[in-house]
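S.K.: The following block contains the structure, expressed as structure tokens.
The values are calculated or read from the model by the stated rules, or taken from the named source; none is laboratory data. Everything numeric in this text was worked out from a predicted model, so none of it was measured. So basically every Cβ, Gly included, is an ideal-geometry build from the backbone, and we count neighbours across all protein chains shown. Calculation scope for accessible area: heavy atoms of the full protein, side chains included, ligands and nucleic acids excluded. Shrake-Rupley method; radii C 1.70, N 1.55, O 1.52, S 1.80 Å.
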Amino acid sequence: MSKLPQVGTTIFTTMSRRARELNALNLGQGFPDYDIDPRLTELVAAAMTAGHNQYAPMEGLPMLRERIAAKVRSLYGVSVDAESEITITLGATEAIYSAVQAVIGAGDEAIAFDPAYDSYEPAVRLAGGRCLRLPLAQPGFRYDFERIAAALTERTRLILFNSPHNPACTVATAADLEALGRLIRGRNIVVLSDEVYEHVVFDGGRHHSVLSHPALAPRSFAVFSFGKTLHATGLRVGYCVAPPELTRELRKVHQFNTFSISHPLQHAIAAYLAERPDSGAALAGFFEAKRDRLRRALGASGFILPPAEGTYFQLLDYGAVAAGSDLEFAERLLQEARVATIPLSPFYASPPALTFVRLCIAKKDGTLDEAAARLNDFAERLHRA
Ligand SMILES: Cc1ncc(COP(=O)(O)O)c(C=O)c1O
């Protein structure tokens, strides 16, 4: 008996394991290979030394939630109440899971857009719901709002939205948010807006949060991750911002799911944000430099690098130089170039014939340079063959 018969080990875990086995460079799973700010390490140690080692409040440390409210005010120009609208969660993953359990019941429907982050559909299924997967339109992975409107039914309760988008590396426009707001108007639908890459928007663009959209903010769970913003995916601390009615329901699930989140880490993060309130603002430039470095290094490879508007990923299109499925191509890169990547088809319910693999750019410059050299060598061999 299985509640998730189709689910196996995720492509991220599989690729990371294969990268270790083959001693390959791991540009697959999305995590940095460089050190975190040593000040954060000191603050974690200080929080434990100060004795913050027992249960934290269920909804999260008040001091940390106040810091988040201040950030939301300065970044998105809106006031959210730290007490009733912010919940600290075990990474964004728990925020997504708990929010889905809070609103989806047996027979309810959710909509996700393919290529979709892998945790969305299993969360919906475990709640007894059905997840409709609508592909983003090519070229450029764009929303087709007419198609989305046509897919809504009486049972649609939730739309899972993600911007900046992993793995498409696109950023939703103000017009996309407008269209989403119009779509749910007059319907009993809430939005789960996955904004874990909120700071990572390139080329002077900006992130449009549901929190600053008047029609969406009252109907949305907005989900964020300190793992992404502090370059420390192992911290497993995230948060959800939602209006009080939704937050109440979220916390009913959260308190029986994780109950509360690491107390010393919450103290350390709150102290870190107090010392470095602008740390998030540095992320776009930091990752943009890495994106540009990798794009430059692969410029003559023959691979096509579609525009990356945000996130810490870059897609690589091999269609002009190699044949075969993306799974086969990723396996070739692993074995023949010793570079681990993530093929896109596992992000689809019904994979179309796309020729993309995803590269993580949250790596040391030296790792990116070495990966580019290996990919260039491999491309050279493909051209000669
Ligand atoms: C789009 C997206 N949502 C959610 C998550 C999960 O975030 P966390 O590590 O905080 O659970 C990730 C992590 O890669 C992600 O890319």
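S.K.: Calculate, for the stretch 145-223, the solvent-accessible area per residue in square angstrom, rolling a 1.4 angstrom probe over the heavy atoms of the protein chains.
M.R.: 36
S.K.: Can I ask one more? Across the chain, how many lysine pairs separated by 8 or more positions, or lying on different chains, have Cα atoms within less than 27 Å?
M.R.: 11
S.K.: Also, quick follow-up: Which residues' amide hydrogens lie under 5 Å from the amide hydrogen of F313, considering only partners 5 or more residues apart or on another chain, with H built in the peptide plane?
M.R.: I361
S.K.: Placing +1 at every Lys and Arg Cβ and -1 at every Asp and Glu Cβ, with all other atoms neutral, what dipole size does the chain have around its Cα centre, in debye to the nearest 20?
M.R.: Dipole about the Cα centre, nearest 20: 340 debye.
S.K.: Follow-up question, since we're still on this one. Check which residues have an amide H placed less than 5 Å from N26's amide H, if you skip close sequence neighbours.
M.R.: A340
S.K.: ³J(HN,Hα) across the stretch 260-277 via Karplus (A = 6.51, B = -1.76, C = 1.60, θ = phi - 60°), whole Hz, x for Gly/Pro?
M.R.: 8, 9, 2, 5, x, 5, 5, 4, 5, 5, 4, 5, 5, 5, 5, 6, 10, x
S.K.: Against the longest alpha carbon principal axis of the chain, how many degrees, from 0 to 90 and to the nearest 10, is the axis of helix 62-76 turned?
M.R.: So the inclination is approximately 60 degrees.
S.K.: Over the Cα atoms of the chain, what Rg and Dmax result, in angstrom?
M.R.: When restricted to the Cα atoms of the chain, Rg and Dmax are 20.7, 63 Å.
S.K.: For the stretch 140-155, take each phi angle, set θ = phi - 60°, evaluate the Karplus expression 6.51 cos²θ - 1.76 cosθ + 1.60, and give the result in whole Hz per residue in order, putting x for glycine and proline.
M.R.: Residue by residue, the stretch 140-155 yields x, 6, 9, 6, 10, 5, 5, 5, 5, 4, 5, 8, 5, 10, 4, 8 Hz.
S.K.: I've got another one for you. Can you tell me the mean projection area, over all orientations, of the convex hull of the stretch 1-159's alpha carbons? Units nm², please.
M.R.: Reported value for the Cα convex hull: 14.9 nm².
S.K.: In nm, to one decimal, how far is the E275 label point from the L382 one, both placed 7 Å along Cα→Cβ?
M.R.: Spacing of the two 7 Å Cα→Cβ label points: 4.5 nm.
S.K.: Moving on. In whole percent, what relative contact order does the stretch 238-377 give with Cα contacts below 8 Å and a gap of six or more residues?
M.R.: 23
S.K.: Name the chymotrypsin sites (Phe, Trp or Tyr not before Pro) in the stretch 1-89 that are in a loop by DSSP and that have at most 12 other C-beta atoms within 10 Å, would you?
M.R.: Here the sparse-neighbourhood loop sites are Y34, Y55.
S.K.: How large, in percent, is the carbon and sulfur part of the accessible surface of the stretch 47-196 at a probe radius of 1.4 Å?
M.R.: After summing per-atom areas, the C and S share lands at 52 percent.
S.K.: Now a separate question. Distance from the Cα centre of the stretch 1-27 to that of the stretch 218-238, in angstrom?
M.R.: Here the two parts' Cα centres lie 23 Å apart.
S.K.: A further question on this structure: In the stretch 236-309, what chymotrypsin sites (Phe, Trp or Tyr not before Pro) fall in a loop by DSSP, with at most 15 other Cβ atoms inside 10 Å? Can you show the working numbers first?
M.R.: On the way: sites: Y239, F256, F259, Y272, F286, F287, F303; in loops: F259, F303.
For chymotrypsin sites (Phe, Trp or Tyr not before Pro) across the stretch 236-309 that sit outside H, G, I, E and B with at most 15 neighbouring Cβ atoms in 10 Å, the list reads F259.
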